[in-house]
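Read the structure below first, then the notes.
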Amino acid sequence: MGFNQRAVLPLSIKPHVFTNLAWDNIDRLEETLTGKGTSHRVNGIAVQTKFYGPYPPRPELPRIDKLKQRSVNIEHEELEVYLACARVGPQPLPTNESHILEAQESAQVAGNKNLVWVLAKQTKSDW
């Protein structure tokens, strides 16, 4: 184990490389009414991709001094007056009689084609 920036890490874990962590509690399904006498352990693994090359250090972040201020000053903005009125939405689309007739004719043609297909499939071919 090596010492690295206030944390003890295994030498195989490289700093500044994306790491996936997985943790699982191992209690071996021990159940008692009081919960006493059971073992509670946690196992964890860290997975990193192989990275070849120098490991650049993280850039130092600027320090933000705390002001210890517990209140927030808010500028008061007037809201616009809302006037409730009847809802205005999209109007229903007008339909022409020609569109209705065209749709009915298309449905009739499709029905006729389906009927011909069904009749063709029901006949037994001798050839």
Exercise. Looking at residue 46, is it out of contact with any Gly (no Cβ under 9 Å at 6 or more places or on another chain) and of a type in the set (A, V, I, L, M, F, W, C)?
Worked result: yes
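How about the range 40-51: which of its residues are out of contact with any Leu (no Cβ under 9 Å at 6 or more places or on another chain) and farther than 15 Å from residue 18 by Cβ?
Of everything in the range 40-51, those that are out of contact with any Leu (no Cβ under 9 Å at 6 or more places or on another chain) and farther than 15 Å from residue 18 by Cβ turn out to be 40, 41, 42, 43.
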Problem set entry | The lone exception for residue 43 - which of (1) touching a residue at least 12 places away in the same chain (Cβ under 8 Å); (2) touching a Lys or Arg at 6+ places or on another chain (Cβ under 9 Å); (3) among the polar types (S, T, N, Q) it fails | (2)
Exercise. Can you pull out the residues in the range 43-97 that are under 27 Å from residue 9 (Cβ atoms) and at pLDDT 85 or above?
Worked result: 43, 44, 45, 46, 47, 48, 49, 62, 63
For this session: Check the range 60-75 and report whether any residue there is within 30 Å of residue 22 (Cβ to Cβ) and out of contact with any Pro (no Cβ under 9 Å at 6 or more places or on another chain).
Result: yes
For this session: For residues that are surrounded by 10 or more Cβ atoms within 10 Å (Cβ to Cβ) and either among the acidic types (Asp, Glu) or in contact (Cβ under 8 Å) with a residue 12 or more places away in the chain (or both), tally how many sit in the range 69-127.
Result: 2
Exercise. Taking interchain pairs and intrachain pairs at least six residues apart, which have beta carbon atoms under 6 angstrom, with the first residue in the range 10-31 and assigned to a strand (DSSP E or B) and at pLDDT 85 or above and the second of a type in the set (Gly, Ala, Ser) and exposed (fewer than 11 other Cβ atoms within 10 Å of the Cβ)?
Worked result: 23/44
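The values are calculated or read from the model by the stated rules, or taken from the named source; none is laboratory data. All values derive from a computational prediction rather than experimental measurement. All Cβ positions, glycine included, derive from the backbone under ideal geometry; neighbour counts span all protein chains shown.
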